[in-house]
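K.L.:
Starting off with a structure, shown below.
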């Protein structure tokens with residue numbers, strides 16, 4: 001079979017699976033099934049990236065989203081007790097609005113594609129192919145040589161964001177109660193628990209006070 005024809009058949013097959021799985025995400029009634037359909041959507045999109053010779057994006061999509069994010073989503077959905085009936089009450093009510101928004105977005109995308117197709121500007125050759133390297137190797141070489149400073153600045157900004165999020169989460173609140181591990185260790189059990197021995201008393205008779213036992 002012609003390699004170009006095989007690539008075209010694979011493109012349409014993966015594209016069909018991607019669209020069908022994406023539609024299943026918003027139409028399935030079971031949340032777990034919807035998450036699994038979203039996993040299939042990401043995996044099919046990664047296959048499309050591989051056909052476009054963007055190996056790094058395909059691997060990142062599988063490792064980051066399918067391997068980490070979607071597993072977390074699936075764990076959370078399975079742990080939560082979600083009422084499916086309440087979530088589906090407004091689906092039919094807002095379906096016409098959703099269809100109108102989807103149609104407008106489709107027209108805008110088709111118009112953008114038409115404008116780009118009419119432009120005479122032609123993009124140059126793929127730099128990875130021109131350098132005789134794979135997409136992942138060329139991207140890593142470019143990040144750590146030409147764009148090393150912006151890459152480090154982006155990493156620094158993300159690190160500052162993580163530290164700021166932790167600092168905001170751990171700030172003291174007056175309405176909240178906190179426990180100190182050091183104070184709990186210093187507590188003497190005799191100061192917290194007192195054993196009292198009392199004699200049996202018949203109903204109606206006053207109880208005689210008893211001394212606490214050491």
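K.L.:
Looking at (1) outside any loop (DSSP other than H, G, I, E, B); (2) closer than 26 Å to residue 139 by Cα; (3) in contact (Cβ under 8 Å) with a residue 40 or more places away in the chain, can you tell me which one residue 61 breaks?
P.N.:
It is condition (3) that residue 61 fails.
K.L.:
Being modelled with pLDDT under 80 and either outside any helix (DSSP H, G or I) or within 30 Å of residue 138 (Cα to Cα) (or both) is the requirement here; does residue 85 meet it?
P.N.:
So residue 85 fails the test.
K.L.:
For region 23-52, give me the residue count where each residue is more than 29 Å from residue 128 (Cβ to Cβ), touching a residue at least 12 places away in the same chain (Cβ under 8 Å) and over 16 Å from the mean Cα position of the chain (by Cα).
P.N.:
Counting residues in region 23-52 that are more than 29 Å from residue 128 (Cβ to Cβ), touching a residue at least 12 places away in the same chain (Cβ under 8 Å) and over 16 Å from the mean Cα position of the chain (by Cα) gives 3.
K.L.:
Hey, among 62, 77, which residue is surrounded by 12 or more Cβ atoms within 10 Å (Cβ to Cβ), assigned by TED's automatic domain parsing to the domain that holds residue 26, within 29 Å of residue 45 (Cα to Cα) and modelled with pLDDT under 80? It would help to see each step written out before you state the result.
P.N.:
On the way: 62 fails: modelled with pLDDT under 80.
The match here is 77.
K.L.:
Count, please, the residues in region 1-19 that happen to be surrounded by 12 or more Cβ atoms within 10 Å (Cβ to Cβ) and outside any helix (DSSP H, G or I).
P.N.:
Number satisfying all stated conditions: 0.
The values are calculated or read from the model by the stated rules, or taken from the named source; none is laboratory data. Please read all numbers here as calculations on a predicted model, not as lab measurements. When we count neighbours, we look across all protein chains shown, and the Cβ atoms used for this are built from the backbone with ideal geometry, even at glycine.
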